[in-house]
Amino acid sequence: MELEELKNEWQEMSKEIENQKILTDKLIIDMTQEKFNKRLSSISIPESVGAIICAFMALYIIFNFYKLDIWYLEVCGALSIAYLILLPFYVLKSIKGMKKINIAVNSLKQTILDFSKRKNQFWFAQRIGFYLNFLFIIAILPVFGKLFKDKDLFLSAKLWYWYIPAMFVFLIVFSIWGLKHYKKATTDAENLLKDLEG
């Protein structure tokens, strides 16, 4: 009888240990998911704020489009509106794709593959944005010159000799700083997933 009791106690302890392991694994996954989301929030929050600013700028240009009374200012205005609406939408969509990753749903290998694919889509959006920023600067400055000061900046040599090069330098420095931050955040998020694998 003692052997039977010992066997039952042993089985009960094994079940408790197994339940404890399941609970610990779930806790680790939940904590990792929270850290993962926090890393991606450091990207999504500034991009969301930027998208809101872009939307207000696009609305301002749309409501004042009638002031762009020369064909090349209208083209610059239309290009600026398209940039201010489409690029933030595309970037936010790529971020949303990364944030949709749910560690508990798929296998860890599949989760890492999904994240890698979505991270590549995000970086593709960032590369497109980086190059389009230069065209945007060229398009938006004459638009704002006309809307705010009622001046045709295409006729001003000062714009092309000073403002554009200065804006390009600012854009390059700001972009490099921002991309380093985004690179660190996406790498940290990916490393969290890989640490679970180990």
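Taken together, the values in this text are just the output of simple stated rules run on the coordinates, not laboratory data. Fair warning: this is a prediction, and the values are worked out from it, not measured in the lab. Cβ sites come from the backbone with ideal geometry, for glycine too, and all protein chains shown count toward neighbours.
Data for the structure
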| read-out | value |
| --- | --- |
| Difference of contour (0.36 nm per residue) and Cα-Cα distance, V169 to K26 | 46.6 nm |
| Angle in degrees between helix 2-63 and the longest Cα principal axis of the chain, rounded to the nearest 10 | 0 |
| GNM result for the chain, Cα springs below 10 Å: residue of L40, L141, L113 fluctuating most strongly | L113 |
| FRET efficiency for L132 and W177, using Cβ-Cβ distance with R0 set to 25 Å, rounded to 0.05 | 0.85 |
| Calculated FRET efficiency for the pair S116/K35, C-beta based, R₀ 22 Å, to 0.05 | 0.75 |
| Exposed trypsin sites (Lys or Arg not before Pro) absent: longest stretch of the chain, with sites in DSSP loops and at most 14 other Cβ within 10 Å deemed exposed | 1-99 |
| Rounded to whole Hz, the Karplus (6.51, -1.76, 1.60) HN-Hα couplings of the stretch 188-193, x for glycine and proline | 4, 5, 5, 5, 4, 5 |
| Rounded to 10°, Cα long-axis angle of helix 71-99 versus longest principal axis of the chain | 10 |
| Pairwise centroid distance, computed over Cα atoms, of the stretch 124-140 with the stretch 50-114, Å | 12 |
| Residues with amide H under 5 Å from that of K151, placed H, sequence gap 5 or more | K146 |
| Positive-end extreme of charge dipole, the chain - chosen from N37, S80, Y90 (charges on Cβ) | S80 |
| Label-zone membership for the stretch 61-82, site L155, 7 angstrom Cα→C-beta point, backbone N under 19 Å | 66-77 |
| Cross-link table K117/K194; K146/K180; K99/K180; K38/K93; K100/K194; K26/K180, entries beyond 23 Å C-alpha to C-alpha | K146/K180; K26/K180 |
| Linear extension gain, K93 paired with L59, 0.36 nm per residue minus alpha-carbon span | 10.2 nm |
| Helix-only CD estimate at 222 nm, as mean residue ellipticity for the chain, using -39500 (n - 2.57) per DSSP H run (n ≥ 4) | -31500 deg cm²/dmol |
| Charge tally in the Cβ shell below 11 Å around L92, where Lys, Arg are +1 and Asp, Glu are -1, L92 excluded | +2 |
